[in-house]
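J.: Sharing a structure below in structure tokens format, with a few things to ask.
The values are calculated or read from the model by the stated rules, or taken from the named source; none is laboratory data. Note that the structure is predicted; figures quoted are calculated from it, not measured. Reconstructed Cβ throughout: ideal geometry from the backbone, glycine too, with neighbour counts over all protein chains shown. The accessibility values were calculated without ligands, DNA or RNA, using every heavy atom of the protein model including side chains. Shrake-Rupley method; radii C 1.70, N 1.55, O 1.52, S 1.80 Å.
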Amino acid sequence: MNRKKQLKYLLGAVLLPLAFTACDDDGNPGGDNQPFRAESGIYVFNTGTEGYGIEGSLSYLDPATRSLRNSVFLGTNGRSLGSTVQDGVILGEEMYIAVSGSNTVEVVDKHTAQSIAQILTNPDLGGPRDIVTDGEYVYVSMFGGYVARIDPATHTVDRTVPVGPNPEEMVVLDGYLYVANSDGLNYANGYVDGKSVSQVSLDDFAEEKKIGVGMNPSKVAAHAASGKLFVACMGDYADNPPSIWTIDTATGEATDLQVPATLICLSGNTLYTIYNNWSGAENMPYVAYDARTNAVLDEAFIPVVSSSHGFEYNRVDNPAGIVVNPADGHIFVASYAADPVNAYSLPSYVYEYDAEGQVLCGYDVGVGAVNMLVLE
């Protein structure tokens with residue numbers, strides 16, 4: 001980081017108490033006495049915690065009004081969203097939400113969160129994990145080693161395809177679905193049956209090949225302009241550290257960039273990476289790269305600066321999710337609570353940053369916030 005930028009962040013740290021707003025009032029973006037309605041903002045998917053009997057939930061942040069609404073689905077529909085909420089995707093006017101522990105995909109109106117359909121998935125395929133769309137169908141990675149295809153016209157699973165064990169995130173690019181095969185339940189054997197990304201043809205919904213990558217691949221992002229995939233391989237959380245791999249989809253060639261990261265997010269030509277190494281917020285790398293060249297753009301896109309408005313650092317304590325709003329470049333990072341004993345039973349929180357990495361707002365959301373989705 002250059003000296004001019006350092007001075008700017010130091011000045012920001014001094015002014016932060018005047019600028020920061022804790023946006024955790026649980027207000028309704030549509031008005032306190034009005035039914036929930038969202039036009040643009042951020043949906044937060046909270047897993048809950050099965051071991052504590054805490055159901056998953058849906059939160060909504062409205063950055064324009066600095067308002068927050070928790071338990072959106074429960075409040076709208078009068079029932080729980082289910083156990084272990086994972087992720088969501090929008091297709092047309094509908095949002096599809098993967099709920100792993102309940103073996104369901106909930107379909108809701110993207111503006112009101114009113115339930116339209118509840119799709120029961122086959123428990124023999126494993127619980128739903130990641131969920132994406134190509135604009136025609138919705139695809140769900142199933143932890144038992146499959147991908148299920150949902151027909152939005154009927155809200156039913158019409159096809160399944162076997163991939164690798166314990167698939168996690170997916171992306172769609174140039175007529176193919178790419179699926180990270182983590183083999184995440186095979187820790188004792190070094191995830192030996194994962195270490196791959198499945199390439200599935202969307203024309204005939206069949207796996208064409210597996211592309212070898214690093215250990216325990218979990219996160220995937222696609223840069224359409226270059227035809228490149230970025231795959232965050234988690235390693236074994238011990239002797240083998242995480243690393244980002246790239247895949248040239250034109251050639252199938254995979255390369256280890258030897259860049260440690262546990263979270264990735266691609267916005268435009270910028271790849272944002274966070275390495276949660278559990279060594280304290282001030283020691284976690286937040287590095288941005290040029291997706292075209294892999295060159296470093298910013299060694300600290302969220303800088304380490306002190307804050308005195310109830311927060312020790314500009315950074316979150318335990319980053320678990322990241323998304324960038326393309327409309328204004330604001331960055332949202334979700335975090336577990338800074339409590340090593342009770343973190344999985346306490347509400348999570350989300351920090352909103354401006355495009356320069358200065359914290360603007362904090363929102364207290366549901367338990368286990370792991371993924372977010374921009375509603376535009």
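J.: Go through Tyr191, Tyr336 and list them by solvent-accessible area, largest first, probe radius 1.4 Å.
T.: Tyr336, Tyr191
J.: Let me ask something else. Could you sort Lys195, Lys228, Lys210 by accessible area so the largest value comes first, with the probe set to 1.4 Å?
T.: From most exposed to least exposed: Lys210, Lys195, Lys228.
J.: If you don't mind, another one. Relative contact order for the chain: what percent, with Cα pairs under 8 Å and sequence separation of 6 or more?
T.: 14
J.: Another question, then. For the chain, what does the accessible surface come to per residue with a 1.4 Å probe? Please give it in Å².
T.: Computed with neighbouring chains in place, this is 41 Å² per residue.
J.: Just how many pairs of Lys in the chain have C-alpha atoms closer than 29 Å, counting pairs that are eight or more places apart or on different chains?
T.: 10
J.: Where does the chain land on the Kirkwood hydrodynamic radius, alpha-carbon pairs, in angstrom?
T.: 21.0
J.: Could you give log10 I(q)/I(0) at q = 0.10, 0.19 Å⁻¹ for region 174-297, computed by the Debye formula over C-alpha point scatterers of equal weight, without solvent?
T.: Ignoring solvent entirely, the Cα scatterers give -0.30, -1.03.
J.: OK, next. Read phi for every residue in region 363-376 and hand back ³J(HN,Hα) as whole Hz from Karplus 6.51 cos²θ - 1.76 cosθ + 1.60, θ = phi - 60°, with x for Gly and Pro.
T.: Each residue's phi maps through the Karplus curve to give 10, 8, 10, x, 6, x, 5, 10, 9, 9, 9, 7, 9, 9 Hz.
J.: Right, something else. What figure, in Å² to the nearest 10, do you get for the accessible area of Asp174 with a 1.4 Å probe and non-protein molecules left out?
T.: Rounded to the nearest 10, that gives 110 Å².
J.: Skipping prolines and chain starts, which residues have an amide H placed within reach, meaning under 5 Å, of the one on Asp298, given they are 5 or more residues away or on another chain?
T.: Excluding prolines and chain starts, which carry no amide H, the hits are Ala288.
J.: Percent of accessible area on region 165-232 owned by carbon and sulfur, 1.4 Å probe?
T.: 45
J.: Distance from a point 7 Å along Cα→Cβ of Asp158 to each backbone N in region 84-106: keep the residues under 19 Å and list them by number.
T.: Residues 90-97, 105-106 qualify, since their backbone N sits under 19 Å from the label point.
J.: Suppose accessible area is computed on protein heavy atoms with a 1.4 Å probe; arrange Glu106, Glu94 from highest to lowest.
T.: Glu94, Glu106
J.: At most 12 other Cβ atoms within 10 Å and a DSSP loop assignment: could you name the trypsin sites (Lys or Arg not before Pro) in region 50-158 that fit?
T.: Hits after loop and neighbour filter: Arg79.
J.: Would you mind estimating how fast region 262-376 diffuses translationally, via Stokes-Einstein at 10 °C and 1.306 mPa s with the Kirkwood radius over Cα pairs, in µm²/s?
T.: This corresponds to a translational diffusion coefficient of 110 µm²/s.
J.: Please give the solvent-accessible surface of Thr121 in Å², to the nearest 10, using a probe radius of 1.4 Å with every protein chain present.
T.: 10
J.: Which value, in Å² rounded to 10, gives the accessible area of Asp204 with a 1.4 Å probe and all protein chains present?
T.: Accessible area, nearest 10 Å²: 80 Å².
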